[in-house]
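See below for the structure under consideration.
The values are calculated or read from the model by the stated rules, or taken from the named source; none is laboratory data. These figures come from a predicted structure and were not determined experimentally. Every residue, glycine among them, receives a Cβ derived from its backbone with ideal geometry; neighbour counts consider all protein chains shown. With ligands, DNA and RNA removed, areas are computed over all heavy atoms of the protein, side chains included. Shrake-Rupley method; radii C 1.70, N 1.55, O 1.52, S 1.80 Å.
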Amino acid sequence: MERKQGFFSVVRGLSPSRSRAKSPARSASPMSRLLRRRRSNNTHHVSQPEPLIFRSGSLRPAEALSPLKEGPDPDGTDGGDSRMEGRWAQWMKGQLARAPSVSTSTCKRSDLRLLLGVLGAPLAPVHVSTLEPFPHLSIKDTPIESSSAQYILQQYTAASGGQKLQNSIHNAYAMGRVRMIASEFETANKVTKNRNSSKAAESGGFVLWQMNPDMWYVELALGGSKVHAGCNGKLVWRHTPWLGAHAAKGPVRPLRRALQGLDPRTTASMFTNARCIGEKKINGEDCFILKLCADPATLKARSEGPAEIIRHVLFGYFSQKTGLLVHLEDSHLTRIQNNGGDAVYWETTINSFLEDYRPVEGIMIAHSGRSVVTLFRFGDTAMSHTRTRMEEAWVIEEVAFNVPGLSMDCFIPPAEIRLASISETSEFSQGPRVKTSVATAPFRARVSTLDRSS
């Protein structure tokens, strides 16, 4: 794989160590250290990582992880209280009443926040554990939909490298490049499309670490801002520039990005209780469809206050020819009941296409792909719906398994995780936007955004 020096330079420049260099208690982030090491290393795979990985300031247990100042503050203030403990509903109402903004830079920052909030670190629908054994194929007293799903998953496991080889993997690492864009905004009476997608797209990169049991850490830098999230096996947390560090509601769940062709074992475990609901062609390829629904207990645990998670459904499309997962779709519906007002519904749908499968140490890994996201808001009043379309494309540049020296210390949550955690439905903003360029017309449609951690 070619080395992209320009990309590495850009991502390294986004490190918090530069924007917060005045803080002596901090060292460089995992991504900045990792990419700095890559420039002087001519190998393409990580076989002997340096101890510098484990000296990352963002992973030290005793250090406070203060909110980054790279993105817009949710309450529009300069400093403000970014924690918003117990006040997210009031903040949402303030966003709804905001005056229109004509600043192009503000508009771009809002798009960037939307992209990072929805695509930065979404989670899978349900909890799975790598400690749980994969179930044996059972036909007796099993519905045909369930037994068919088990058979399809066995074929997928075999095509991905086999269960024995996958069970021998104790940790994993992946690094890649991403491009994201908010491509279309729709209201009841107007549709605004981003005509110059090549210039409007934000470029960046990410690094992902995983370790058994159920631990992961991801850091994604995009357009001058950064989102990082992790799980120590007991708690899922996330850090954004506008909220700081906070814990996710509900049970521990895997990172969705890991299901996008990077972790076949977790993917198979995710669909263990799925049903086969039919067949469909994806890009001309016949596929079996497996459907998984989050159970009511999980949905209730993820709900908070006036925000209720109604459903979260995941569909996996497995190629009949290769047995591999080629398409992943999940739909997530949330209901917000305002005091004395009508309920507002937010539906987020993510369609991911997995491509370029190649073996890495015997494990089949999807080295590229793309996602299309639709964010739909409706229900408060007639003709008030909004729809936002976002797109992401990614390329995996490096993958390695069983990296020596990786320990639990790398997955310790930040020291200042709030006990009163902010849920995945806690960030809403809505405001009119005005483009100053002649090519995109004088008024940009009102965009409603849902920033979620699932």
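Points to keep in mind about this one:
- Residues (acidic (Asp, Glu) and more than 22 Å from Phe376 (Cα to Cα)) located in segment 291-339: Asp295
- The set of residues from segment 133-167 being in a loop (DSSP other than H, G, I, E, B), at pLDDT 95 or above and among the polar types (S, T, N, Q) comprises just one member, Ser160.
- Residue in segment 364-373 that is under 27 Å from Ala248 (Cα atoms), crowded, with 17+ Cβ neighbours inside 10 Å and either without any contact (Cβ under 8 Å) to a residue 12 or more places away in the chain or small (Gly, Ala, Ser) (or both) present: yes
Here is a yes/no grid of residues against (1) touching a residue at least 60 places away in the same chain (Cβ under 8 Å); (2) β-branched (Val, Ile, Thr); (3) in contact with a helix residue (DSSP H, G or I) (Cβ under 6 Å, 6 or more places away or on another chain); (4) within 28 Å of Ala400 (Cα to Cα):
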| site | (1), (2), (3), (4) |
| --- | --- |
| Val236 | yes, yes, no, yes |
| Arg253 | yes, no, no, yes |
| Asp263 | yes, no, no, yes |
| Lys281 | no, no, no, no |
| Asp295 | yes, no, no, no |
| Ile310 | no, yes, no, no |
| Ser319 | no, no, no, yes |
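- The residues listed here are Ala159, Ala149; of these, the one that is open to solvent by 20 Å² or more (accessible area, probe 1.4 Å) and closer than 29 Å to Val372 by Cα is Ala159.
- Counting only residues that are in a strand (DSSP E or B), out of contact with any Gly (no Cβ under 8 Å at 6 or more places or on another chain) and open to solvent by 50 Å² or more (accessible area, probe 1.4 Å), segment 382-401 holds 3 of them.
- So Glu202, is it touching a residue at least 60 places away in the same chain (Cβ under 8 Å) and over 21 Å from Ser407 (Cα atoms): yes
- Top-ranked residue in segment 233-278 [being among the β-branched types (Val, Ile, Thr) and over 16 Å from Gln154 (Cα atoms); ranked as most open to solvent (accessible area, probe 1.4 Å)]: Ile277
- Number of the exception - Ile417 against (1) open to solvent by less than 40 Å² (accessible area, probe 1.4 Å); (2) aliphatic (A, V, I, L, M); (3) part of a loop (DSSP other than H, G, I, E, B); (4) modelled with pLDDT of 80 or more: (4)
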